[in-house]
Amino acid sequence: MSNELKEAVIDLREQDAYRITERLLDEGTDPITIVESSKEAMDEIGRRFACGEAFIPELIMAGEIMQGITARVKPHLAATGESRKLGTVVLGTVKGDIHDIGKDIVATMLDIGGFEVVDLGVDVPYETLVAKVSEIHPQVVGLSGLLTVAFDSMKATVAALDRAGLRDGLKIMVGGAPVTDDVCAFVGADGWAKDAVGAVELAKSWVGGAQDAA
């Protein structure tokens with residue numbers, strides 16, 4: 001892990017973060033390690049936000065820096081063959097919840113980890129998600145929610161996929177700060193992840209690509 005990069009992201013020093021990223025890539029640092037350092041920084045900013053030590057503008061700025069780092073890392077992943085697509089994941093923050101920072105990090109990590117990611121955004125009605133799954137037949141669906149009120153929407157979405165006959169060959173993961181084993185069981189999902197790295201590992205285990213995990 002690069003503490004220098006992590007600190008630059010936490011301090012919202014955008015240009016420093018990009019400069020450090022480019023230097024690490026030039027030195028041959030594993031691109032996944034760079035992304036994980038950035039993700040650790042995002043976790044810290046999220047913790048500060050939860051404690052009232054950081055606010056929405058900081059979250060947004062950190063998310064933009066994360067996207068900039070990812071854009072610089074992707075070509076190096078492609079050069080090493082890491083961009084081979086393992087499968088397709090449809091992501092969305094469920095109806096009634098508009099939080100997207102965590103979902104966006106998961107989308108970035110899944111993309112880097114070798115998945116085609118279809119991000120439906122936030123406040124996604126189950127009808128929208130069912131329609132997309134019916135259209136493209138992904139291997140994995142990821143449902144995100146930061147608010148406890150999102151649990152009912154997650155449950156309704158899983159039930160709608162069941163009713164539509166789309167569960168065969170489809171795995172559903174849930175995620176978000178309040179998600180636990182009990183929540184996963186309540187909504188009827190196949191699994192859950194506490195962070196973006198865990199989400200990638202879980203998705204890879206489902207599609208048979210676990211051996212490729214970083």
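The values are calculated or read from the model by the stated rules, or taken from the named source; none is laboratory data. Please read these numbers as outputs of a predicted model, since none were measured by experiment. For neighbour counting, all protein chains shown are included, and Cβ atoms are generated from backbone atoms with ideal geometry for every residue, glycine included. For the accessible areas, the whole protein counts, side chains as well, though only heavy atoms, and no ligand, DNA or RNA atoms are used. Shrake-Rupley method; radii C 1.70, N 1.55, O 1.52, S 1.80 Å.
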Region 1-110, relative contact order in percent, only Cα pairs under 8 angstrom and at least six apart counted | 28 percent
Sorted peptide list for 115-121, 26-32, criterion being average Cβ within 10 angstrom, highest first = 115-121, 26-32
Of all the accessible heavy-atom surface of the chain, with the other protein chains kept in place and a 1.4 Å probe, what percent is carbon and sulfur?
-> 51 percent
Taking springs between alpha-carbon atoms closer than 10 angstrom, which of Gly52, Gly142, Gly169 fluctuates most in the Gaussian network model of the chain?
-> Gly52
Correct response: the longest run of the chain lacking exposed trypsin sites (Lys or Arg not before Pro), defined by DSSP loop and at most 12 other Cβ within 10 Å, is 86-193
Whole number in Å², please: accessible area per residue of region 52-154, 1.4 Å probe, ligands, DNA and RNA not counted.
-> 44 Å²
Quick calc, Ala159 & Leu25: beta-carbon distance into FRET formula, R0 45 Å, rounding 0.05, result 0.50
Flagged as over-length at 27 Å C-alpha distance, from Lys6/Lys194; Lys6/Lys171; Lys103/Lys204; Lys74/Lys95, the pairs are Lys6/Lys171; Lys74/Lys95
In deg cm²/dmol and to the nearest 500, what is the mean residue ellipticity at 222 nm of the chain if only DSSP H runs of at least 4 residues count, each as -39500 (n - 2.57), divided by the residue total?
-> -18000 deg cm²/dmol
With Rg from the Cα atoms and Rh as the Kirkwood inverse mean 1/r over Cα pairs, the chain has an Rg/Rh of 0.97
